[in-house]
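Here the structure is laid out as structure tokens; the discussion comes afterwards.
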Amino acid sequence: MLAFVVSFASVRAAIAYAHRRGMLDAPGRRRSHTMPTPRGGGIGIVLGALVGMPAALLLLPVSPGAATVAAFTVAVVAVAAIGWLDDHGSLPIRPRLLIQLAATLLLCVAIASLTTSLWWAVPLLLAGVWCINLHNFMDGIDGLAAQQAMFFGAASAALAWSAGSPALAGAALAMAAAALGFWWFNRSPARIFMGDVGSGTLGLMVFGLSAMFWAFRTNLLWPALIFSSAFVIDATLTLLVRMLRGARWYTPHREHLYQWLVRRGAAHRKVAAGYFAWNVLVCVPVAWIAYRQPAAAPVCFGVVYLFGAAVWRTGKRRCLRRRERHVSA
């Protein structure tokens, strides 16, 4: 509850602050909104999460340990700070990436130290930096990224509680509550956007929770990855296709499936509802099977991601056919 209250109050203050400082996202060819809208509202998610997540991880039973919680907190503050600066005025990619790498490495070393080998920090680092950036890429229409954070937090809380870790459950619920406090102002039509301070930090928190699940009990990683499938599939496949086509993949674009759907006339609410339906109708039941049947968990993971890739491809093709019919008409 405290995470929600802090987030809600902070976002209200951020709206006024963004107007005073001129932190407005103007409509444009690569954007999906039509009115100048304040950005930086994700600071509410950060503050709400910092109120609730470290306390839950430290004080509730089955804690990952003080060193891991300290590393998580420092990493969140670092990624949020560079995102907040970027929201005030666009920063070069190099300092942002360096901060993301340093913050993620700190967290990865702390989590890997809970396992049998610190070498796990290397693949964890790559996954963590990608998780930060893919959440930034997927924050492009009203309500979508906050909705995904609420789902992931709530589903992860249920998973952690069932697995016997109240600490992870409390932290996941705190993240979901903080995201809810922001979503109230970001649902369509959005009164404020999340900005890099929110999207990048949410990506780090999702990664941190997933990695802590893995360190606590290895088989819990598969359900956690299934919960994130909607964003991971859309962002990863879009990036790969752009790279294969020789496009400047690191520049802003509107090639994700959710952006194609909006460009073809679907309302932001309808697109967000589609992603929510995927989460509830596909991710929840398959993740439950993966949790209850650990031996089948990798297969469940593979089925969800392959099915998701097929859905992604079908959605893109339908959008392209609509565009071709519109052009020919």
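Dipole check for the chain: with +1 at the C-beta of Lys and Arg, -1 at the C-beta of Asp and Glu, and the Cα centre as origin, the magnitude is about 1480 Debye.
Note on surface exposure: R242, R94, R317, R12 rank R94, R12, R317, R242 by accessible area, highest first, 1.4 Å probe. The largest-to-smallest principal axis extents of the Cα set in the stretch 113-220 are 48, 29, 17 Å. When the charge dipole of the stretch 174-280 is built from unit charges on Cβ atoms (+1 for Lys and Arg, -1 for Asp and Glu) and taken about the Cα centre, the candidate among P223, Y275, G208 whose Cα reaches farthest toward its positive end is Y275. Solvent-accessible area assigned to carbon and sulfur over the stretch 170-286 amounts to 67 percent, based on a 1.4 Å probe. Normalised by the number of residues in the chain, the mean separation of alpha-carbon contacts (under 8 Å, six or more apart) gives a relative contact order of 22 percent. Over 27 Å apart: what share of the alpha carbon pairs of the stretch 21-156 falls there, rounded to a whole percent? Summing the P(r) tail past 27 Å for the stretch 21-156 gives 26 percent.
Under conditions of 37 °C and 0.692 mPa s, the chain yields 165 µm² s⁻¹ as its translational diffusion coefficient, taking Rh as the Kirkwood radius over Cα pairs in the Stokes-Einstein equation. Mean residue ellipticity, 222 nm, helices only, the chain: the sum of -39500 (n - 2.57) across DSSP H runs of n ≥ 4, divided by residue count and rounded to 500, is -24500 deg cm²/dmol. The charge dipole of the stretch 1-134, taken about its Cα centre with unit charges on the Cβ of Lys, Arg, Asp and Glu (plus for the first two, minus for the last two), comes to roughly 480 debye. Averaged over its residues, the chain has an accessible area of 46 Å² per residue, based on protein heavy atoms and a 1.4 Å probe. Taken over the alpha carbons of the stretch 167-212 as equal point scatterers, the Debye sum produces base-10 log I(q)/I(0) values at 0.24, 0.26, 0.31 Å⁻¹ of -0.89, -0.98, -1.14. For the stretch 155-302, a Kirkwood radius taken over Cα pairs fed into Stokes-Einstein (10 °C, viscosity 1.306 mPa s) yields D = 94 µm²/s.
Reported value for the stretch 194-256: 101 Å³ per residue, from the convex hull of its C-alpha atoms.
Rounded to the nearest Hz, the phi-derived 3J(HN,Hα) couplings of the stretch 118-133 under the Karplus curve 6.51 cos²θ - 1.76 cosθ + 1.60 (θ = phi - 60°) are 6, 4, 4, 4, 5, x, 4, 4, 4, 5, x, 5, 5, 5, 4, 6, where x marks glycine and proline.
If you average 1/r over every pair of different alpha-carbon atoms in the stretch 224-329 and take one over that average, what Kirkwood value in Å do you get?
With all distinct Cα pairs of the stretch 224-329 included, I get 15.1 Å.
The values are calculated or read from the model by the stated rules, or taken from the named source; none is laboratory data. What you see is a predicted model; the values in this text were computed from it and never measured. Counting neighbours? That spans all protein chains shown, and the Cβs are built from the backbone with ideal geometry, glycine included. Heads up: the accessible areas ignore ligands, DNA and RNA and are worked out on the full protein's heavy atoms, side chains in. Shrake-Rupley method; radii C 1.70, N 1.55, O 1.52, S 1.80 Å.
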